[in-house]
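Structure record follows, encoded as structure tokens.
The values are calculated or read from the model by the stated rules, or taken from the named source; none is laboratory data. Note that this is a predicted model, so its numbers are computed, not measured. Cβ placement follows ideal geometry from the backbone for every residue including glycine, while neighbour counts extend to all protein chains displayed. All accessible areas refer to the heavy atoms of the entire protein, side chains included, with ligands and DNA or RNA removed. Shrake-Rupley method; radii C 1.70, N 1.55, O 1.52, S 1.80 Å.
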Amino acid sequence: QVQLVESGGGLVQPGGSLRLSCLASGSILSINSMGWYRQAPGKQRELVAAITGVSRTNYADFVKGRFTISRDNAKNTVYLQMSSLKPEDTAVYYCSMLVSLTVIWGQGIQVTVSS
């Protein structure tokens, strides 16, 4: 069984930065794509950024130029560096990984951008 655990969330002022991490543990043969999603209160979950097995990245328009996704295959970890944060970035952030053809989700972590 594979589990994902996110860390690095919290409260930050507008214009600030945070780095989210998501570690996969368990019986892992291979991890293909990794991604970050978010869900704000009353809204649907949406893709923030994704990275393929060959590190090709894709970003939602609302984070381009501000967020950077990266991965460390040796550590089974995906990161999301968030800069120039805005109040509208406030949401629960979820990581997701395609592990041996199965989509696995983390439990989510709160990011709050407020002064």
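Here is how the numbers come out for the structure above:
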{"quantity": "Residue order for Phe67, Phe62 - accessible surface, 1.4 angstrom probe, largest first", "calculated": "Phe62, Phe67"}
{"quantity": "Aspartates and glutamates whose Cα lies under 20 Å from that of Lys64, excluding same-chain neighbours fewer than 8 positions away", "calculated": "Glu46, Glu88, Asp89"}
{"quantity": "Trp36, Trp105, reordered so the largest accessible area comes first (probe 1.4 Å)", "calculated": "Trp105, Trp36"}
{"quantity": "Projected label distance in nm at Thr112 and Glu46, using a 7 Å step from Cα toward the beta-carbon", "calculated": "2.2 nm"}
{"quantity": "Cleavage-rule hits, trypsin sites (Lys or Arg not before Pro), region 1-49, DSSP coil, Cβ neighbours within 10 Å at most 14", "calculated": "Lys43"}
{"quantity": "Mean separation of Cα contacts under 8 Å (6+ apart) over length of the chain, as relative contact order %", "calculated": "37 percent"}
{"quantity": "Loop-located trypsin sites (Lys or Arg not before Pro) in region 62-100 whose Cβ has at most 11 other Cβ within 10 Å (DSSP)", "calculated": "Lys64"}
{"quantity": "Probe 1.4 Å, all protein chains present, accessible-area order of Leu80, Leu23, Leu98, largest first", "calculated": "Leu23, Leu98, Leu80"}
{"quantity": "Sites Lys64 and Ile28, calculated FRET efficiency, Cβ-Cβ separation with R0 35 Å, nearest 0.05", "calculated": "0.70"}
{"quantity": "Rounded to 5, percent antiparallel among DSSP beta bridges of the chain", "calculated": "95 percent"}
{"quantity": "Net lengthening on full extension, Val5/Ser17 (0.36 nm per residue, minus Cα-Cα)", "calculated": "2.3 nm"}
{"quantity": "Charge context of Phe67, other residues only, Cβ under 12 angstrom, K/R +1, D/E -1", "calculated": "+3"}
